[in-house]
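The values are calculated or read from the model by the stated rules, or taken from the named source; none is laboratory data. Computed from a prediction, not measured in an experiment: that's the story for all the values here. Cβ atoms come from the backbone with ideal geometry, glycine included; neighbour counts cover every protein chain shown.
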Amino acid sequence: MLLMAKTTTNLWDSPLHHHQREDSIRYHRGFLSFKQSSRISRVSPDSGNSCTTIKASGSLNQTTNQPITGYNTQILKFCELGNLKMAMELLCKSQKSELDLAAYCSILQLCADVKSLNDGQKIRSVIDSSGVEIDNVLGPKLVFMYVKCGDLREGRRVFDKIANDKVFLWNLLINEYAKNGNFEQGISLYGRMQKFGVEANSYTFSCVLKCFAAKESVVEGEMVHGYLLKLGFGSYNAVVNSLIAFYFKCGRTESARKLFDELRERDVITWNSMISGYVANSLAEKGFEIFIEMLNLGVTLDLATIVVALAACANIGTIVLGRALHAIAIKTGFNKESTFKNTLLDVYSKCGDIGSATQVFQHMGERSVVSWTSMIAGYARDGLSDKAITLFREMKKDGVKPDIFTVTSILHACACSNSLENGKEVHDYIRENKMPLNLSISNALMDMYAKCGSMEDANSIFSQMPIKDIVSWNTMIGGYSKNSLPNEAFNLFFEMQSELKPDNVTMTCILPSSASLAALDRGREIHGHVLRNGLSSDRYIANALVDMYVKCGALVLARSFFDTIPIKDLVSWTVLIAGYSMHGFGSEAIAVFNEMGRTGIEPDEVSFISILYACSHSGLLDEGWRFFNIMRNDCKIEPKLEHYACMVDLLARSGKLSKAYRFIETMPIKPDATIWGSLLCGCRIHRDVKMAEKVAEHVFELEPDNTEYYVLLANIYAEAEKWEEVRKLREKNKIGWRGLKKNTGYSWIEIKGKVHIFVAGDNSNPHAKKLELFLKQLKMKMKEEGHFPKLKYGLTDGDYVKKEITLCCHSEKLAMAFGILSLPCGKTVRVTKNLRVCGDCHEMAKFMSKTFGREIVLRDSNRFHHFKDGSCSCRGYW
C-alpha cells in the first residue's frame, strides 16, 4: 500500500502532468494513467450500455505485487468492458473485505465515465459501511466521480476532507465552478490553493482566468497574469489563449492584441479567440481582418474558425462575405455540421437575405431549437412578424421545445407587429409550461405589452418581479411615455431613483414625457441630471433633449443646445427641422434643411415629411413643390401617404382647393381619411361649403365612426351659419352633444414644477371664479377696443349671450388667464391643449399678449402658436 501511494505521488508530480490537460488524466486500477491517442470502445452484450474505457498502462501485479482476489479480477474486467451493471452486481455479492482499492477506483471511474451518480452513491455507501479509509487514492477518485456526475457539492465536501495536494483536483473543481457559473467559488478555491502552497500548472491559470473574465475583474486578472509570467507559463498557448479571452471579456482589446502579436507559436484556438473577441467587442471588421490574415498565412481552419468568422459577417452585415464563407465551408466539408448551418442561417437573416435563410432552414436535416429560434428571430428582424408567429406554432407541433431565446424572440415579433393577442398566447404558453420568469423573459413580456399598448399587463409583470434590472425600469418608463401616460412615467422615474441610478437609456425614455406634457421645468431638471452624470455626449440623449425643448415651446433653447452637439446625425437635423415646422417658422426650417445638405448628410423620407410640413404651415407653396420634386427626382424617394398629405395640406391652406382635389385623384396610391381630412380642413379655412360636402363623402366612407370629421363639417356649416345643416348632420349621424363629448377639450400649464389642468365648465376648480371674472373683464376691454367674439366658433344655434358664455369658458382661455395671474411679470406663458385651438381663443391670445406685454406660447394638437405684441407666428396658417 505504501508503494502504491508513493508511485501515485510520483505520477502526480511528474513533469509530464504539468503539460497535460485535465481531461487527459484517468485512474486505472488504483493508479493514475495518461490517456493515449488510441481509445477502445467496448460494449458488453448484456449491459445495454456503451462507454469508452482506457487501456491500462500496466497490470496491477506488475506495479504493486499485491494479490488480487477473484472478485477484484472480475470487477476490473467488467470495468474494462464498460459493463457497469455486472460490475455493480459483483460489488454487491462480494465480501467487502475481499475488495481492494483498485476495484473501488475502477468502478468509480466507470460511474464517472457513464455519469451514473446513482451507482456512484451506492459505491460510496459500500465504502462507508465497509470502513474503507478514504485516503489520497480513493478520495480523489470519489471527488472525480461526484464532479463528473454533476454533484459538485458532494464532490467539494469529500475534497475538503482529504489531503488535497494534487493540482489536478483543484483544477477539476475550479473548472467545474467556472462551467456552472459559480465564479466566486472558483476564485475563492484558487485563493485557498495558493494559501496551501499547491503549485499551479498551466491548466489552473486557464480555469481561474475564466472566472476572472466572467467577473470582469481586471485588476485581479492582471495580477494572475504577472504571477504566471514569473512561473514561466507566459509562452504556453493554452495560457495565452485564456489571457486573450480574459482581456477581450474585460474590454481590453489592445492588451489582447499585444499578447497575440507577441506569441510566436499560435494555434488555431489563438486565431479563433482573436476573431471572436473582436466580434464580442463590436469590432467585427477587425475580427474579419484577423480571419483574412489567417487565410493568407495558410493556417488550417477548423469548424470554430468558420463559425466565428460567420459571426463577424453577421455583425458587419455584409452578405457577400457570408456567401464567400459559405463557399469555403462547402470546400472544407464543414457545411454539413449543424453548428455551421445554424450560424449561416443567422448570418443570412441578420444581413437581410431572408430568402437564403429560409433555404438553409428548409434543407436542414435535423432542426434544433437553435435553428428554429434563428429563423424566428430572422423573420422578426425583417418585419415578418406573422411568419415568425406561424413558425413558432410549427416548431411546437414538430415537438421542439422552445427555450428562453425562442420565447424572447417571438415576444419581440409580437411587440413589433402590435400583436397583443399573439403575445398573450405566448404568455399563456410560458405559464402552461411553467417556464421560469427570469429577467430576460419578464423584460420581453413587459416590452411586448408596452408596445401593444397594454400597460396594465406590463405593470402586472413588473410589480411581480422579485429582482428588477435597469432594463426593467427603462422598459416601463419608456412604455408609459410612448403610451401617452407621462405622469405615470415620471412617477416611476422618481421611484426608480431610490432603487437604481438612471442611465442614458432612462434619459431617452423619460425626456419624451417632458415633451408630451410640455413640462419645461421638469425637462430642464432632467437636462441637469444629464450634465451632472456626464451623459450629454450620448447622441440619443442629445437628440431627445432638442426634441424636448422644441415640444416645450423653448425653440431658442432647442437651437442653442443643438449648436453644442459636436457630431450631429440625420436625426439631430430632422428634429430641429420638425421643431421649426411645428412653430410655424418655415423659412428657418428651410435654412436648417439646406445647412444639413452642406454638411453632406442626405435627407431621408422623414426629413422630407418635416420640411414639407414646414412649407405647409407657413404657406410656402413654391418651396413645397420644389422639395417634393427634389425628393422624387434627385433623392429617388418614392412619396408615401404622409408626403402626399403634406402636399394636399399645402395646397388646401393656400386656397388651391380644386387643385388639391385633382391632386388626390391622380395619386398613385389610394388616399386615406387623413388626406381627405386635410382638404376638409382647407375647406373650413376658406369657407367652401360646397367642396367640403364633396370631400366629406370620401372621409365618411373611409372612417364612418370618426366623430372628429363630423364635428369639422358641423363647424364648417356653423361658420356659414347653416344651422339647419348642422341639425341634420347631428340627426343623420347620431352625434348629438353626447357624441361631441367623446373628445373633451382640456388644457394645462406648468408652474413651479406643478401641472395645472383646466376643463371648460369645470366649476370644481378652486380658481374657477377668479378666472371667470378675469376673462369677463378682459372680454369687456376687447369690446371697448373694437374686438368682438367670434360667435361662429360656438357651434350652437342659440342666443348671443349663451354663445358668448360658451366661448368664454374654453379651457385654453382659462389656462392662459391662470398663467398671466400666477407667473411673474415678463415670464413667458406656456399652455398646451389636447385639441385644436378655436378661432375665438386664438384672437383672445393675441389680445392678451398685447395688453399684458406677455409672450404666450400655445401648443395645440396641430402646431405651436407664438403670440407676441398682438400677432401670432402662424400668420393664419393653422
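Details
- In the stretch 156-188, residue surrounded by the most Cβ atoms within 10 Å (Cβ to Cβ) [restricted to those that are among the polar types (S, T, N, Q) and either out of contact with any Asp or Glu (no Cβ under 9 Å at 6 or more places or on another chain) or under 20 Å from Lys141 (Cβ atoms) (or both)]: Asn171
- Candidates Phe405, Phe361 - the one that is under 22 Å from Asn438 (Cβ atoms) and not polar (S, T, N, Q): Phe405
- For the stretch 122-131, the criterion of being in a loop (DSSP other than H, G, I, E, B) and hydroxyl-bearing (Ser, Thr, Tyr) is satisfied by no residue at all.
- Qualifying residue in the stretch 497-505 (condition: over 20 Å from Ser747 (Cβ atoms) and surrounded by 22 or more Cβ atoms within 10 Å (Cβ to Cβ)): no
- For first residues located in the stretch 567-593 and within 17 Å of Glu623 (Cα to Cα), partners that are charged (D, E, K, R) and in a helix (DSSP H, G or I) and lie 6+ apart or on another chain with Cβ distances below 7 Å form the pairs Tyr580/Glu588; Ile590/Glu623.
- Count of residues meeting criterion [over 17 Å from Ala200 (Cα atoms) and either assigned to a loop (DSSP other than H, G, I, E, B) or among the small types (Gly, Ala, Ser) (or both)] in the stretch 159-188: 4
- Selection within the stretch 364-386 - among the polar types (S, T, N, Q) and surrounded by fewer than 20 Cβ atoms within 10 Å (Cβ to Cβ): Ser368
- Selection status of Met816, modelled with pLDDT under 90, in a helix (DSSP H, G or I), over 24 Å from Val711 (Cα atoms) and of a type in the set (A, V, I, L, M, F, W, C): no
- Any chance Gly191 is under 22 Å from Arg266 (Cβ atoms), without any contact (Cβ under 8 Å) to a residue 40 or more places away in the chain, surrounded by fewer than 23 Cβ atoms within 10 Å (Cβ to Cβ) and among the small types (Gly, Ala, Ser): no
- Qualifying positions in the stretch 310-334 - polar (S, T, N, Q) and either touching a Ser or Thr at 6+ places or on another chain (Cβ under 6 Å) or more than 19 Å from Gly378 (Cβ to Cβ) (or both): Thr332
- Of the residues making up the stretch 821-840, those that are touching a Phe, Trp or Tyr at 6+ places or on another chain (Cβ under 8 Å) and not basic (Lys, Arg) number 8.
- Considering residues of the stretch 821-878 that are in a strand (DSSP E or B) and among the hydroxyl-bearing types (Ser, Thr, Tyr) only, the residue farthest from Met582 (Cα to Cα): Ser871
- Residues in the stretch 286-325 that are more than 24 Å from the chain's Cα centre (by Cα) and not in a helix (DSSP H, G or I) were compared, and the one that is nearest to Glu337 (Cα to Cα) is Asp302.
- Hits in the stretch 600-620 (condition: surrounded by fewer than 20 Cβ atoms within 10 Å (Cβ to Cβ) and either within 21 Å of Pro671 (Cα to Cα) or within 31 Å of the chain's Cα centre (by Cα) (or both)): Gly600, Ile601, Glu602, Asp604, Glu605, Val606
- Across the stretch 222-258, the number of residues qualifying as in contact (Cβ under 8 Å) with a residue 24 or more places away in the chain, among the charged types (D, E, K, R) and either loosely packed, with under 13 Cβ neighbours inside 10 Å or over 17 Å from Ile187 (Cβ atoms) (or both) comes to 1.
- Some residue of the stretch 336-345 being farther than 29 Å from Cys250 by Cα and of a type in the set (Ser, Thr, Tyr): yes
- In this structure, Leu209 does not satisfy being crowded, with 21+ Cβ neighbours inside 10 Å, under 30 Å from Gly150 (Cα atoms) and touching a residue at least 40 places away in the same chain (Cβ under 8 Å).
- Within the stretch 533-576, the set of residues being part of a helix (DSSP H, G or I) and within 13 Å of Leu511 (Cα to Cα) comprises Tyr540, Ile541, Ala542, Asn543, Ala544, Leu545, Val546, Asp547, Met548, Tyr549, Val550, Lys551.
- The stretch 189-201, residues that are in a helix (DSSP H, G or I) and not hydrophobic (A, V, I, L, M, F, W, C): Tyr190, Gly191, Arg192, Gln194, Lys195
- Restricted to the stretch 616-651, and to residues there that are assigned to a helix (DSSP H, G or I) and of a type in the set (S, T, N, Q), the residue that is modelled with the lowest pLDDT is Ser616.
- One residue from Arg836, Arg854 being charged (D, E, K, R) and within 18 Å of Gly745 (Cβ to Cβ): Arg836
- Any hit, the stretch 444-459, residues being crowded, with 19+ Cβ neighbours inside 10 Å, in contact with a His (Cβ under 7 Å, 6 or more places away or on another chain) and either free of Cβ contacts under 8 Å to residues at least 24 places away in the same chain or over 16 Å from Lys482 (Cβ atoms) (or both): yes
- The combined condition, being surrounded by 14 or more Cβ atoms within 10 Å (Cβ to Cβ), within 22 Å of Val575 (Cα to Cα) and without any contact (Cβ under 8 Å) to a residue 40 or more places away in the chain, is fulfilled by Glu623.
- Residues of the stretch 333-352 classified as of a type in the set (Val, Ile, Thr) and out of contact with any Asp or Glu (no Cβ under 9 Å at 6 or more places or on another chain), total: 2
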